[in-house]
Amino acid sequence: MTTVTEQPTTTLKRGYVGQSIPRREDKRLVQGLGTFFDDVRRHGMGYVHFVRSPYAHGKIISIDVSKALELDGVYGTLTGDEVAIHTDPFFEMSVEPGGNIKDYALAVGRVRHMGEPVAAVCAATRELARDAADLIEVEYDSLPVLVDAEESLKDEVVLHDEAGSNVVWSGVFDWGDVDQALAEADHVVKIDRLHFHRFSSTPLECAGALVEYDKGTGEWTLTCNHQMPGIGAIWMAPALRTGIDKLRFVTHDIGGGFGNKICLHPQYVVLCLMARKLGRPVQWTEWRTDQHTANAHGNERTFLDVEVAVKADGTMTGFKVKALDDCGAFPRYEPLGCIIWAQVTPGLYGWRNIRVDFTQVCTNKSPASPNRGYSRMQHLWLTERIIDIVATELGLDPVEVRKKNYVKAEQMPYETPNGCFYDSGDYAAALDIALDLIDYGSIEERRKEAASRGKLLGFGIGSTLDSGTNNFGQSTLLNPDLQFSGNNEAASVKLDIFGEVVVTLGTVPQGQGHETTAAQVVADILGCPPEQVNVRRGHDTWFNSHAGFSGTYASQFAFTGLGAVKGAAELVREDMVQLAAAVLQAPVEAIELADGFARIKDGPEEAALPFMALGAIVNANNAFLPPDFNPTLNHRYVCRPYFGMVDTEKKTGQLTLTYATQIHAAVVEIDPETGEVEIIDYAAVDDCGIRINPQIVEGQVHGATAHAIGAALSEEFVYDEDGTLLTANFYDYHVPHAMDMPPLKTGAMESPSPVAPLGAKGMGEGGGGGIHCLGAAIQNALAAAGNAIVYDSCNPPHRVWSMLQDPEATRANVEVVSK
Amino acid sequence: MGAPARSRAISLEVNGEQIELEVAARRLLVHVIRDDLGLTGTHVGCDTGNCGACTIHLDGEPVKSCMMLAVQADGAKIGTIEGLAGDGELTPLQQAFNTHHALQCGYCTPGMLMSATALLERNPHPTEDEVRYALQGNICRCTGYVNIVEAVVAAGGGSA
């Protein structure tokens with residue numbers, strides 16, 4: 001038995017919601033009958049291949065495409081010069097200096113990271129397109145390379161001349177009074193440097209699209225795997241000098257996203273230009289090595305000069321830190337990472353005085369973009385590192401110090417120092433479940449037993465929050481001129497002519513099981529089995545069932561996606577009840593929807609209309625309905641959560657609405673000879689409020705945990721001093737395989753969200769807990785071998801071995817000043 | 001000696017059907033399966049032979065179809081994911097994947113199923129460790145393998 005699932009602590013009366021109904025998506029996917037974008041073909045389609053920069057930084061002296069064009073079967077090429085003529089730079093979200101950066105779909109005059117697309121070629125086959133790309137001659141003049149954020153800050157080399165600085169954005173967030181908290185503290189724990197590394201969740205399906213241009217209407221259709229088309233279109237349309245109505249995004253099945261499929265607009269704009277230029281459908285499927293080299297890295301962040309205020313009893317009252325974020329060559333979505341962490345400013349803890357001096361810089365590395373746990377994970381890792389370093393230095397118990405400092409269940413809803421509201425949760429109770437699962441009471445005994453075998457055993461906790469349902473108004477904390485705020489998602493529900501219930505989502509699932517969970521919600525509302533509900537696969541702009549922020553990202557489907565589904569289903573239900581009341585000549589209060597019928601409660605058996613009758617009346621047989629009665633049985637609903645406004649002066653406001661809790665606990669053994677870390681016990685406890693489908697929730701917990709384990713122990717994008725990525729594919733970038741994954745124990749509790757339409761919180765991004773707990777467990781294991789401090793979020797054997805060899809080097813990072 | 005042939009006629013038996021076709025000498029077997037035969041259930045997830053999304057059966061053995069040229073498969077019997085469920089009736093393993101929630105995005109799933117099917121053919125009742133060993137060449141980025149392992153063990157009559 002590898003998995004233990006706890007029973008929910010709260011049980012609400014539900015129908016299909018709350019049941020682990022097997023997923024309906026699976027039947028096609030297990031037969032190879034899913035449709036991924038690369039499966040779609042068009043007559044006369046050309047294959048696109050990008051010519052990419054082999055250098056991290058250089059001037060483009062010349063590009064010669066003539067030899068490629070001579071090759072039989074090559075349809076055409078596109079270069080940065082053409083892009084600069086036919087498009088405008090993508091809009092930048094930051095204020096100056098980052099706001100002045102000019103970012104085009106292909107490199108214009110200069111390359112700024114290895115793998116940056118410089119030209120594109122389109123040919124009759126994939127192989128030919130690659131051959132042709134090899135024939136495109138690009139001459140470069142190399143420039144000095146920046147791979148280190150602190151070096152970049154010096155501005156001795158500047159990546160973007162228009163910006164005049166490598167700084168994208170900087171600002172100070174100051175809540176409470178941290179100076180006073182430090183002055184009044186009994187101990188001040190100082191940590192010079194902590195480093196959160198670069199990695200990404202690397203979905204198994206790479207990015208890509210099939211793009212068709214309709215010359216007659218000026219419209220592009222993108223059959224693609226963009227996970228946030230609403231934002232994609234906002235980026236692309238102005239750059240292409242067209243309206244958003246000219247971009248139709250279509251998705252079918254998507255092979256994982258994890259945030260890595262949000263920043264695809266540069267490549268998609270190239271495809272749009274190519275399709276228009278050549279007058280034929282064009283297709284691009286990213287190669288794995290290109291995905292690793294030049295698509296979507298998670299943010300790398302260095303935390304400097306941390307000071308923590310601690311009272312004699314172990315209460316922590318505040319901290320200050322300088323955060324230096326490295327977004328790679330272009331910020332794109334990224335300046336948002338400078339603020340999104342603030343959704344979880346205090347982590348799970350009650351400290352009220354926090355100052356974060358945040359700066360983001362460009363370097364000659366792959367652009368960063370959202371990655372599962374986006375920006376919050378880095379910050380939560382900081383808070384967890386602080387807790388464990390303080391505990392180690394002051395001799396506090398890691399369990400007790402957490403319980404002392406956690407926000408308490410009775411404080412919920414809890415307002416954070418920056419005006420966010422933690423909606424519900426019981427962190428201490430979740431921790432207890434995790435401790436039970438790993439048999440915490442036996443740790444010291446197991447430590448001794450491991451020591452007898454020459455192994456170092458360690459135990460660690462990772463507490464984390466999965467904040468969901470973004471308030472895009474937080475972008476105005478970066479740039480008050482930005483015209484974004486709030487959030488929205490749409491869905492449509494209709495009852496069709498033969499009684500079919502059809503649901504269309506605005507969300508863009510990539511494996512989260514939306515077709516199943518949406519059917520559960522609709523079935524409960526309309527009173528029919530979920531099998532009767534057809535939830536259409538994927539997203540299509542032409543369904544008109546999307547909103548400005550449509551997509552699947554930032555843990556919000558359970559709130560906005562299902563909120564929209566619920567809203568639309570309730571409108572259809574109202575129509576059905578009114579129609580049935582009219583036909584059966586009964587008051588609306590007497591009508592119930594159940595078992596696929598609209599019927600009179602406790603009425604005679606024949607006083608019941610099957611859904612088919614209702615659908616047929618409205619759609620095909622409606623002459624007898626009175627003129628002032630017009631039920632449509634077809635409704636679109638937009639779920640627009642309420643946030644209020646943010647205060648751009650104080651940098652406060654409700655930045656997100658729901659907070660799912662994840663508490664992870666791990667027991668590891670370290671081989672002191674090699675630095676190898678083996679996970680011997682692992683538990684993850686999730687509290688995402690009401691679970692629509694507990695099995696799907698548990699699957700998300702497993703997956704997020706696997707990402708964390710990979711990130712904590714092996715996955716790292718490593719650059720050499722020339723800006724060459726050394727881990728450019730699965731050969732060198734080791735993701736967990738079946739043999740690497742330990743047995744996972746999972747536990748769950750349900751603290752319903754008081755603000756979400758179904759009491760369900762967005763979830764799936766809490767995997768950071770694994771990075772936190774493994775770092776803590778390694779530090780705990782190393783206590784017996786020189787007491788090293790874990791200062792990096794990635795700890796492969798060579799780094800652990802170094803800490804074993806020279807623990808003092810890590811300890812030099814830390815100082816305790818006691819009064 | 002003349003120039004090497006740029007293409008060649010090959011014959012394959014694919015999911016029980018005999019197929020003759022002319023393929024470019026350099027064309028990978030996976031691209032023939034996907035692009036020429038239209039069997040798009042076999043996926044491509046990497047360019048280094050690491051991920052296993054393209055796993056098929058070649059004369060009964062699981063192989064990564066991106067790691068060989070189509071011409072090397074001349075005369076072989078090929079089984080793809082589309083051939084597993086005969087008339088839409090799922091195999092017990094496919095059913096177990098559904099019951100145990102062993103897939104999320106479904107992109108690695110065909111390769112996983114082909115590897116696991118081959119395992120169950122040579123070892124009908126594998127242990128958890130045997131399943132993990134057999135699937136180590138297949139990467140999944142969604143599930144952490146927990147439920148995949150559980151499903152394969154269950155399909156073999158055991159419990160993980």
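Just one of the listed residues (A:GLU393, A:GLU415) is in contact with a strand residue (DSSP E or B) (Cβ under 6 Å, 6 or more places away or on another chain), in the same structural domain as A:LEU435 (by TED's automatic domain parsing) and free of Cβ contacts under 8 Å to residues at least 24 places away in the same chain, namely A:GLU415. Residues in the stretch A:683-703 include at least one that is assigned to a loop (DSSP other than H, G, I, E, B), more than 9 Å from chain B (Cβ to nearest Cβ), surrounded by fewer than 24 Cβ atoms within 10 Å (Cβ to Cβ) and aliphatic (A, V, I, L, M). Taking the stretch B:117-134 as the range and being surrounded by fewer than 24 Cβ atoms within 10 Å (Cβ to Cβ) and among the aliphatic types (A, V, I, L, M) as the test, the residues that pass are B:ALA118, B:LEU119, B:LEU120, B:ALA134. In the stretch B:1-112, counting only strands (runs of 3 or more DSSP E) that sit wholly within it, the ones holding 1 or more residues that are surrounded by fewer than 17 Cβ atoms within 10 Å (Cβ to Cβ), free of Cβ contacts under 8 Å to residues at least 60 places away in the same chain and away from chain A (no Cβ under 11 Å) span B:7-14, B:17-24, B:61-64.
Residue-wise test of (1) out of contact with any Phe, Trp or Tyr (no Cβ under 6 Å at 6 or more places or on another chain); (2) of a type outside the set (Val, Ile, Thr); (3) within 24 Å of A:VAL399 (Cα to Cα).
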| position | (1), (2), (3) |
| --- | --- |
| A:LYS761 | yes, yes, no |
| A:ALA785 | yes, yes, yes |
| A:SER793 | no, yes, yes |
| A:PRO796 | yes, yes, no |
| A:TRP801 | yes, yes, no |
| A:VAL817 | yes, no, yes |
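Here is the figure for the stretch A:562-585: residues that are touching a helix residue (DSSP H, G or I) at 6+ places or on another chain (Cβ under 8 Å) and free of Cβ contacts under 8 Å to residues at least 24 places away in the same chain total 2.
Per-residue answers, yes or no, for (1) farther than 30 Å from A:ALA132 by Cβ; (2) of a type outside the set (Phe, Trp, Tyr); (3) in contact (Cβ under 8 Å) with a residue 24 or more places away in the chain:
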residue: A:GLN19; (1), (2), (3): yes, yes, yes
residue: A:PRO22; (1), (2), (3): yes, yes, yes
residue: A:LEU33; (1), (2), (3): yes, yes, no
residue: A:PHE36; (1), (2), (3): no, no, yes
residue: A:GLY44; (1), (2), (3): no, yes, yes
residue: A:ARG52; (1), (2), (3): no, yes, yes
residue: A:SER62; (1), (2), (3): no, yes, yes
residue: A:SER66; (1), (2), (3): no, yes, no
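When the stretch A:709-752 is limited to residues that are of a type in the set (Gly, Ala, Ser) and not in a helix (DSSP H, G or I), the one that is farthest from the other protein chains (Cβ to nearest Cβ) turns out to be A:SER751. Checked against (1) surrounded by fewer than 20 Cβ atoms within 10 Å (Cβ to Cβ); (2) not in a strand (DSSP E or B), A:SER475 passes all but condition (1). Restricting the search to strands (runs of 3 or more DSSP E) fully inside the stretch A:6-99 and requiring at least 3 residues that are within 14 Å of chain B (Cβ to nearest Cβ) and buried (at least 21 other Cβ atoms within 10 Å of the Cβ) gives A:46-52.
Would you confirm whether or not the stretch A:530-548 contains a residue that is under 22 Å from A:GLY18 (Cβ atoms), within 21 Å of the chain's Cα centre (by Cα) and buried (at least 22 other Cβ atoms within 10 Å of the Cβ)? For the stretch A:530-548, residues under 22 Å from A:GLY18 (Cβ atoms), within 21 Å of the chain's Cα centre (by Cα) and buried (at least 22 other Cβ atoms within 10 Å of the Cβ): absent.
Of the residues examined, A:LEU456 is one that is surrounded by fewer than 24 Cβ atoms within 10 Å (Cβ to Cβ), closer than 30 Å to A:ALA781 by Cβ and either of a type in the set (Asp, Glu) or outside the structural domain of A:MET612 (by TED's automatic domain parsing) (or both).
State whether one or more residues within the stretch A:58-69 are closer than 30 Å to A:PHE196 by Cβ and either modelled with pLDDT under 95 or under 33 Å from the mean Cα position of the chain (by Cα) (or both).
Within the stretch A:58-69, one or more residues are closer than 30 Å to A:PHE196 by Cβ and either modelled with pLDDT under 95 or under 33 Å from the mean Cα position of the chain (by Cα) (or both).
Which number in (1) modelled with pLDDT under 95; (2) closer than 22 Å to A:GLN532 by Cα; (3) not hydroxyl-bearing (Ser, Thr, Tyr) marks the one condition that A:ILE591 misses? Condition not satisfied by A:ILE591: (1). Within the stretch B:129-139, the set of residues being in contact with a Leu (Cβ under 9 Å, 6 or more places away or on another chain) and more than 7 Å from chain A (Cβ to nearest Cβ) comprises B:GLU130, B:VAL131, B:ALA134. The residues listed here are A:GLY747, A:GLY766, A:GLY762; of these, the one that is modelled with pLDDT of 95 or more and closer than 28 Å to A:GLY689 by Cβ is A:GLY747. Among the residues making up the stretch A:278-320, those that are farther than 28 Å from A:LEU336 by Cα and surrounded by fewer than 24 Cβ atoms within 10 Å (Cβ to Cβ) are A:LEU278, A:GLY279, A:ARG280, A:PRO281, A:LYS311, A:ALA312, A:ASP313, A:GLY314, A:THR315. When A:ALA788 is tested against the conditions (1) part of a loop (DSSP other than H, G, I, E, B); (2) surrounded by 23 or more Cβ atoms within 10 Å (Cβ to Cβ); (3) within 14 Å of chain B (Cβ to nearest Cβ), the lone failure is (3). Suppose we filter A:SER200, A:SER165, A:SER170 for residues that are away from chain B (no Cβ under 14 Å) and under 24 Å from the mean Cα position of the chain (by Cα); which single one remains? Residue meeting the stated conditions: A:SER170. When B:PRO124 is tested against (1) assigned to a loop (DSSP other than H, G, I, E, B); (2) away from chain A (no Cβ under 12 Å); (3) of a type outside the set (Val, Ile, Thr); (4) touching a Lys or Arg at 6+ places or on another chain (Cβ under 9 Å), just one condition goes unmet, and that condition is (4).
The values are calculated or read from the model by the stated rules, or taken from the named source; none is laboratory data. Predicted model only: the values in this text are computed from it and were never measured. No Cβ is skipped: glycine too gets one built from the backbone with ideal geometry, and neighbour counts run over all protein chains shown.
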